[in-house]
Amino acid sequence: MVIDFHTHIFPKEIIERRDRFFTGEAAFKLLYDSPKSKMVAADDLIRVMDEEGVDKSVVFGFPWIKSDTFKLNNDCIADAVAKYPNRLIGMGCFDLSSPEVENETLRCLDAGLTGIGELAFYESGIDADALDKMIPVMDLCRARNFPVLIHTNEPVGHMYPGKTPISLSQIYNLAKAFPDNKIVLAHWGGGIFFYNLLKRDAKDVLKNIYYDTAASPFLYDPSIYPAAKSLAGLDKILFGSDYPLLRPSRYYKDMDASGISRADMDEMLGNNAARLLGL
C-alpha cells in the first residue's frame, strides 16, 4: 500500500480566483502569487493518485488567517473525504493566531477529519507564543490519538518561498512540549533527527516524532533516505509528496537511487503511515 502523507487541495473558488484571497494572507500570497504554483481539487488529486500508484492520500488545505477562508477550505477537505472515503484522509488546517482555533479543531474532528495540519509559522518560527497557541489543538488531537502535522524546514542552506525563520532548538522544544502527541514534522523535520545520536535526552524527547519526505527532491540528495533510516529510525519515515508541488514518481526515483531495499521502501511508502493512522 502506498500512502502519500502530504498533499494539498483547495475549493474551486480559490483555485479559479486565487488573487481574491491574497488580501490579509501574506503567506498565501508569497507561496501562490505565481501562476506556476499549482493548485488542485480533490478530483484532480485522485486522478494523479491513480496514475502514480497511490492508494491513499492525507489531504489538507492551507493555514489561513481568516476564519471564513479556513472554514471554506476545511469544509472542502471534509467533502472530499466523504466523496472518496477509501482514498482520502483529511486534516483540518488554520493559522494558530485565530481565536477560533479550539472550536475549529473540534468542528474538523467531529466532521470526520483525522488530525490537524499542516500547521505553519511562516513569520515567527515556532517560538514560545506559538507553543502556547498549539495547546488546545494538541490536547484535542492527543485525546483522539490523532496526528498533528507541522511545517518545519532546515535552518541553513538556500532560501526559497516558504522557508521559515525556524531553529533546531525551536523544533526540539516543540517535541519536548508535547511528548505524548503523535507529531509529524514536514520536510524531514529540518534534520532534527541527527540528534538521536546524542547519548542523553534526545532519543526520549523525539520518540513520538515522525518525518515526512515532502519536497525532498528539491532539498536533499537521495542519500537522505538511508541516512534518515539510520538516524531517525525506519519506522518514523512517512512518504509525502507535497503534491501538486511534485508528483510521487519523483520520490520513487530518488528512493531507487538511494540504494535502500524494496522492503524499506514499502515501510516508508505506506506501512509506517498505515500503522500511525491505525489503518
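How high is the relative contact order of the range 126-279, in percent, counting Cα pairs under 8 Å that sit 6 or more residues apart? Normalised by residue count, the contact order of the range 126-279 is 19 percent. Placing pseudo-labels 7 Å out from each Cα toward the beta carbon at Asp180 and Thr23 gives an inter-label distance of 4.5 nm.
Using r as the Cβ-Cβ distance of Ser261 and Leu106, and R0 as 45 Å, what FRET efficiency do you calculate, to the nearest 0.05? Mind showing how you got there, number by number?
Values: r = 42 Å, r/R0 = 0.94.
Once the sixth-power term is evaluated, E becomes 0.60.
A simple rule links phi to the HN-Hα coupling: the Karplus curve 6.51 cos²θ - 1.76 cosθ + 1.60 with θ = phi - 60°, which for the range 19-33 gives 4, 5, 10, 6, 4, x, 10, 4, 5, 5, 4, 4, 8, 10, 4 Hz, with x for Gly and Pro.
Packing here is the average count of other Cβ atoms within 10 Å per residue, and on that basis the peptides 76-86, 29-39, highest first, run 76-86, 29-39.
The modelled label-to-label distance for the pair Tyr195/Ala274, using points 7 Å beyond Cα in the direction of Cβ, is 3.4 nm. For a straight C-alpha distance cut-off of 20 angstrom, the aspartates and glutamates reachable from Lys163 (same-chain residues fewer than eight places away being disregarded) are Glu25, Asp33, Asp95, Glu118, Glu123, Asp127, Asp129, Glu154, Asp212, Asp221, Asp242.
If you bin all the Cα-Cα distances of the range 3-277 at 10 Å, starting from zero, the percentages per bin are 7, 32, 39, 20, 2, 0. Among Met91, Met1, Met255, the order by Cβ neighbours within 10 angstrom, fewest to most, reads Met1, Met255, Met91.
Cβ crowding within 10 Å, taken as a proxy for footprinting-reagent exposure, orders His151, His158, His187 from fewest neighbours to most as His158, His151, His187.
With runs of 4+ DSSP H residues as the only contributors, calculate the mean residue ellipticity of the chain at 222 nm using -39,500 (n - 2.57) per run, divided by the residue total and rounded to the nearest 500.
On the way: 13 runs with 114 residues, N = 279.
The per-residue figure over the chain is -11500 deg cm²/dmol.
Considering only alpha-carbon pairs that sit under 8 angstrom and 6 or more positions apart, the relative contact order computed for the chain is 19 percent.
Counting only DSSP beta bridges with both residues in the chain, what percent are antiparallel, rounded to the nearest 5? Kindly include the intermediate steps, with their values, before the conclusion.
Numbers: 0 of 19 bridges.
Counting DSSP beta bridges with both partners in the chain, the antiparallel share is about 0 percent.
Exposure proxy shown here: for Phe218, Phe70, the number of other Cβ atoms within 10 Å sets the order, fewest to most, as Phe218, Phe70.
Which entries in the list Lys12/Lys56; Lys66/Lys203; Lys66/Lys207 go over 27 Å, if you measure between the two C-alpha atoms of each?
Details: Lys12/Lys56 22 Å; Lys66/Lys203 38 Å; Lys66/Lys207 34 Å.
Checking Cα-Cα distances, Lys66/Lys203; Lys66/Lys207 exceed 27 Å.
Since every read-out is calculated from the coordinates, none of them should be taken as a lab result. For clarity, every value in this text was computed on a predicted model and none was experimentally measured. All Cβ positions, even for glycine, are placed from backbone atoms using ideal geometry, and neighbour counts span all protein chains on display.
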